[in-house]
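Quick note: the coordinates plus some simple rules give every number you see, no bench work behind them. Model, not experiment: these values are computed from the prediction. Here Cβ is always computed from backbone atoms with ideal geometry, including for glycine, and neighbour counts include all displayed protein chains.
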Amino acid sequence: MLEVKNLHVRVGDAEIIRGLSLSVPAGEVHAIMGPNGSGKSTLAYALSGRDGYEITQGSATLDGEDLLALAPEERAAKGLFQSFQYPVEIPGVPALTFLRAAMNAQRKARGEAEISAPEFLKRVREKAETLKIPQDMLKRGLNVGFSGGEKKRMEALQMAMLEPRFAILDETDSGLDIDALRIVADAVNALRAADRAMLVITHYQRLLDYIRPDRVHVLAKGRIAHSGGPDLALELEREGYDKYLEAA
């Protein structure tokens with residue numbers, strides 16, 4: 001599924017990712033944990049193609065295809081999805097309009113027919129109900145005036161509608177109270193499938209109580225310092241990152 005080898009990423013004059021290698025097979029959920037400044041969000045942005053994140057060395061492939069050779073919208077059409085730590089507001093663009101435009105743009109890129117309005121509305125209402133998103137929220141400008149939890153639920157709705165092949169969740173637990181965390185985690189878990197994989201980026205173990213990963217990776221000073229099973233998250237919660245920072 002996702003294969004990253006010896007990746008180096010610069011932001012401005014600083015090298016943030018320094019020789020990172022990572023493999024996430026289909027059907028698995030992997031978590032990346034690490035202290036502030038370790039490169040977690042930089043990795044997510046580099047994989048999704050955000051401007052300003054310069055790949056200076058290494059490779060990243062999705063299903064064997066070179067991700068780094070594709071524009072951001074082409075990566076999305078291939079099935080790459082990223083949720084953001086701080087979702088942006090788009091005044092004047094209703095959430096429903098945004099969602100349907102995103103779905104149809106990806107369908108067009110894949111040579112598929114557009115989704116009809118009745119089918120779209122049926123699907124989005126079903127998914128929104130599961131996420132406890134009221135219908136009037138779907139008619140408002142995307143994320144405009146939304147609370148942190150509402151923004152994260154809206155991103156979970158986008159993921160549920162787009163059904164990506166590979167999802168990167170960048171600190172999706174930030175700004176969520178415990179009830180919203182459960183709702184969003186349930187939506188993520190509902191998308192677990194043999195032909196889909198996810199990379200969950202988080203500071204805290206609490207998210208992994210609800211989205212149980214197959215593997216946990218410690219990111220320190222721009223590279224994977226250690227990997228292990230789900231219990232590694234508990235160890236990090238107890239002991240912190242110091243020994244992995246020293247090793248890195």
> Taking the chain as a Gaussian network, where each spring joins two C-alpha atoms under 10 Å apart, which residue of A113, A44, A102 fluctuates the most?
Replying inline: A113
> Percent relative contact order of the chain, based on C-alpha pairs within less than 8 angstrom and at least six residues apart?
Replying inline: 28 percent
> So which lysines pass the test for K78, namely a Cα distance under 16 Å, with those fewer than 8 places away in the same chain ruled out?
Replying inline: K108
> At K122 and K5, where each label point lies 7 Å from the Cα along Cα→Cβ, what is the point-to-point distance in nanometres?
Replying inline: 4.5 nm
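Please tell me the relative contact order of the range 156-234 in percent, rounded to the nearest whole number, where contacts are Cα pairs under 8 Å and at least six residues apart. Don't skip to the end; give the middle numbers.
Numbers: 76 pairs, mean separation 22.8, N = 79.
Across the range 156-234, relative contact order equals 29 percent.
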> Which FRET efficiency, nearest 0.05, do A102 and R18 yield, Cβ-Cβ r, R0 35 Å?
Replying inline: 0.55
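In debye, nearest 20, what is the charge dipole magnitude of the range 202-248 about its Cα centre with +1 on Lys and Arg Cβ and -1 on Asp and Glu Cβ, if you could check? Don't jump to the answer; show the numbers that get you there.
Details: 7 positive and 8 negative charges, 38 e Å.
In total the dipole reaches around 180 debye.
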>> A 32 angstrom limit on the alpha carbon distance is what I want to check against. Which of K139/K221; K5/K122; K5/K243; K40/K127; K40/K132; K122/K151 exceed it?
In response: K139/K221; K5/K122
> If you take the beta carbon distance between V144 and A26 as r and set R0 to 35 Å, what does 1/(1 + (r/R0)^6) give as a FRET efficiency, to the nearest 0.05?
Replying inline: 0.45
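State the extension gain, in nm to one decimal, for the chain segment bounded by R238 and T56, taking 0.36 nm per residue of separation less the distance between their alpha-carbons.
On the way: separation 182, 0.36 × 182 = 65.52 nm, distance 3.57 nm.
Taking 0.36 nm per residue and subtracting the Cα distance, the gain is 62.0 nm.
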